[in-house]
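Peer 1: Take this structure first; my questions come after.
The values are calculated or read from the model by the stated rules, or taken from the named source; none is laboratory data. Nothing here was measured: the structure is a model prediction, and the numbers come from that model. For neighbour counting, all protein chains shown are included, and Cβ atoms are generated from backbone atoms with ideal geometry for every residue, glycine included.
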Amino acid sequence: MSDTEGVALKLQDFLRLMRTRWITVCASVLVAVVVAIAVTLMTTPQYQASTRLFVSASAGNSASDVYQGNRFSQERVVSYAQLLMGETLAQRTVDKLGLDMTAASLQQKVSATAKTDTVLIDVHVLDPSPVRARDIANALSDEFVTMVRELETPEGAVTPDARVVVEQRATVPSSPVTPKKVRNLLLGVVAGFVLGIGLAIVRDLLDNTVKSREVLEEITDVGVVGGIQLDKERRKNPAILFGKDNSAIAESFRKLRTNLSFLTVDNPPRVIVVTSSIPNEGKSTTAINIALALAESGNNVALVDGDMRRPTVHKYLDLVGPVGFSTVLSGAVPLTEALQKTQFDGLTVLAAGTTPPNPSELLASQAATKVLAELRAHFDYVIVDSSPLLAVTDSAILAANADGALIMVRYGQTKREQLAQAVETLHGVGATLLGAVFTMIPSKGSGAYAYSYSYYGESKEK
Ligand SMILES: Nc1ncnc2c1ncn2[C@@H]1O[C@H](COP(=O)(O)OP(=O)(O)OP(=O)(O)O)[C@@H](O)[C@H]1O
Ligand SMILES: [Mg+2]
């Protein structure tokens, strides 16, 4: 792999991460910005007043004397800067101004910097009050002038060796130096972004949901026979109008239909249970549309709602609910009377019926086997919607009585171990697993990137 390819791949990974985890990144930036704003608001504003001191040495008139004097002053400024921040001067300033603070706390407010190779010292005083900052800066500088005169006058002499002049006095500062609003905010954004990316990577590493056909095939040990996109329209109208609809999702169902007929060519499955590991994986919606897709190609299809605990097929298709599978199994109504014609050509529905107290028992009964056999005799295909495998045994029992089951796997939601457990449940009752179907694959972002809509023998480019 060339370097540019490597970089492109990393960039692609990064973009994919941003697309799938942008909520994490945005939330992290938001939290960091809120923290930055809170810190900014909670910081007491500090004002800074500054003075500039000039150091000179008493020198003679000759050029060399002047030079010597200058050297002398330059050497002095470093020590002076230390003295300016020292405790003695702080105490003298506190006394002079009659401040209600200790010398140590005043020391904290003072900083003095000597500019190298110059004879200048800048003194800065920080204080919550701008006026007091100025007063302290000026008083401290004046005191320092006096202090230097005392220190630099040799015993018995009159004139000191060095002198300090307050070259620039402090004025009342107009705006505080801290908090630095813009800096804090920028820091918040940058820190939040970096943290967000880190979190996103960690979440990605910890994500053990099924997201690729390789993983899906490895866990189920069967082929992936379909990939159904996430399509918001399906929440309003679960049934696709196959006659008029050529959307991508309709095409996916047509492909799924074709793949079903290839499953076992000599004896293709005709009674198929649609199941999944956990609730809300799109079983009912997919079952309805598999049935409709089969009906579109001229088959006579029966759709059975085998989910007696949370029946939805009648709701999704605007049919009558109370008379159906459970009513037939209890012997209250004959099968022919419970079947409902639908507005779709070739599709007949057996709703779930009233919820019985013992769905598993009913579905395991001889009567259930008989009903399925009767349906098989009258229809080209019998599609059975069912309940989640990890919740109850209903769908495993149904699958054992049918030609096999298709397992729905909601993209990026179903965890690997959940799927593995569901597959084991099916094997446990001796049911045939016909194939796996990805449901609700996001059409943009990660989904489109990680999952290519290709099945047996098709090229991956599509
Ligand atoms: N392809 C899809 N695109 C968008 N939304 C979908 C799709 N398939 C199903 N949904 C929505 O997901 C939700 C669950 O779908 P559905 O009822 O079909 O799942 P289920 O597995 O049968 O659930 P349950 O376990 O409760 O029976 C519904 O709101 C449905 O509208
Ligand atoms: Mg359902």
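Peer 1: Across region 179-198, what is the total count of residues that are surrounded by fewer than 16 Cβ atoms within 10 Å (Cβ to Cβ) and not in a helix (DSSP H, G or I)?
Peer 2: The qualifying residues number 1.
Peer 1: Then there's this: Please name all residue pairs, on different chains or six or more residues apart, with Cβ atoms under 7 Å, provided the first residue is in region 277-290 and is more than 10 Å from Arg410 (Cβ to Cβ) and the second residue is near ligand 1 (Cβ under 7 Å from one of its atoms) and part of a helix (DSSP H, G or I).
Peer 2: Thr285/Arg234
Peer 1: Additional query: For Val215, state whether it is crowded, with 18+ Cβ neighbours inside 10 Å and either assigned by TED's automatic domain parsing to the domain that holds Val384 or near ligand 1 (Cβ under 10 Å from one of its atoms) (or both).
Peer 2: Answer is no for this residue.
Peer 1: Mind telling me which of the residues Thr264, Thr286 ends up being of a type in the set (S, T, N, Q) and surrounded by 19 or more Cβ atoms within 10 Å (Cβ to Cβ)?
Peer 2: That would be Thr286, the only listed residue that is of a type in the set (S, T, N, Q) and surrounded by 19 or more Cβ atoms within 10 Å (Cβ to Cβ).
Peer 1: Restricting attention to region 384-406, and to residues there that are in a strand (DSSP E or B) and away from ligand 1 (no atom under 11 Å from the Cβ), which single residue is surrounded by the most Cβ atoms within 10 Å (Cβ to Cβ)?
Peer 2: Ala405
Peer 1: Test Thr425 against the stated conditions and say whether it is away from ligand 1 (no atom under 12 Å from the Cβ), among the polar types (S, T, N, Q) and in contact (Cβ under 8 Å) with a residue 24 or more places away in the chain.
Peer 2: So Thr425 fits the description; yes.
Peer 1: Suppose the filter is at pLDDT below 95, assigned by TED's automatic domain parsing to the domain that holds Pro388 and away from ligand 2 (no atom under 16 Å from the Cβ); does Asn300 pass it?
Peer 2: no
Peer 1: Another question about this same structure. Taking Val349 as the residue in question, decide whether it is at pLDDT below 95, out of contact with any Gly (no Cβ under 8 Å at 6 or more places or on another chain) and within 16 Å of ligand 2 (Cβ to nearest atom).
Peer 2: Here the answer is no, as Val349 does not meet what is asked.
Peer 1: Could you tell me how many of the residues in region 340-361 are more than 22 Å from Leu406 (Cβ to Cβ) and crowded, with 20+ Cβ neighbours inside 10 Å?
Peer 2: So the answer is 1.
Peer 1: Scan region 239-280 residue by residue and report those that are under 21 Å from Val349 (Cβ atoms), within 16 Å of ligand 2 (Cβ to nearest atom) and within 36 Å of the chain's Cα centre (by Cα).
Peer 2: Within region 239-280, Ala239, Val273, Val274, Thr275, Ser276 qualify.
Quick grid of which residues meet (1) within 34 Å of the chain's Cα centre (by Cα); (2) outside the structural domain of Arg21 (by TED's automatic domain parsing); (3) not acidic (Asp, Glu):
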residue	(1), (2), (3)
Val119	no, yes, yes
Asp142	no, yes, no
Thr146	no, yes, yes
Arg149	no, yes, yes
Thr153	no, yes, yes
Thr159	no, yes, yes
Leu185	yes, no, yes
Leu199	yes, no, yes
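Peer 1: Where in region 1-111 are there helices (runs of 4 or more DSSP H), lying fully within it, with 2 or more residues that are of a type in the set (D, E, K, R) and surrounded by 12 or more Cβ atoms within 10 Å (Cβ to Cβ)?
Peer 2: Here the list reads 3-20, 63-84, 87-97.
Peer 1: Could you give me the residue pairs with C-beta distances under 7 Å whose first residue belongs to region 320-344 and is of a type in the set (Lys, Arg), whose second residue is at pLDDT 95 or above wherever it lies, and which are 6+ apart or on separate chains?
Peer 2: Lys341/Thr348
Peer 1: Which of the residues that make up region 366-391 are away from ligand 2 (no atom under 16 Å from the Cβ) and of a type in the set (A, V, I, L, M, F, W, C)?
Peer 2: Ala367, Ala368, Val371, Leu372, Ala373, Leu375, Ala377, Phe379, Val382
Peer 1: Right, next: Taking region 295-309 as the search range and keeping residues that are touching a strand residue (DSSP E or B) at 6+ places or on another chain (Cβ under 8 Å) and closer than 14 Å to Val371 by Cβ, which one is surrounded by the most Cβ atoms within 10 Å (Cβ to Cβ)?
Peer 2: Gly306
Peer 1: Let me ask another. Looking at region 218-236, which of its residues are surrounded by fewer than 20 Cβ atoms within 10 Å (Cβ to Cβ) and within 16 Å of ligand 2 (Cβ to nearest atom)?
Peer 2: Within region 218-236, Arg235 is the sole residue that qualifies.
Peer 1: Specify the residue that is nearest to ligand 2 (Cβ to nearest atom); the eligible residues are those in region 313-339 that are of a type in the set (S, T, N, Q) and surrounded by fewer than 19 Cβ atoms within 10 Å (Cβ to Cβ).
Peer 2: Once the filter is applied, the top-ranked residue is Ser330.
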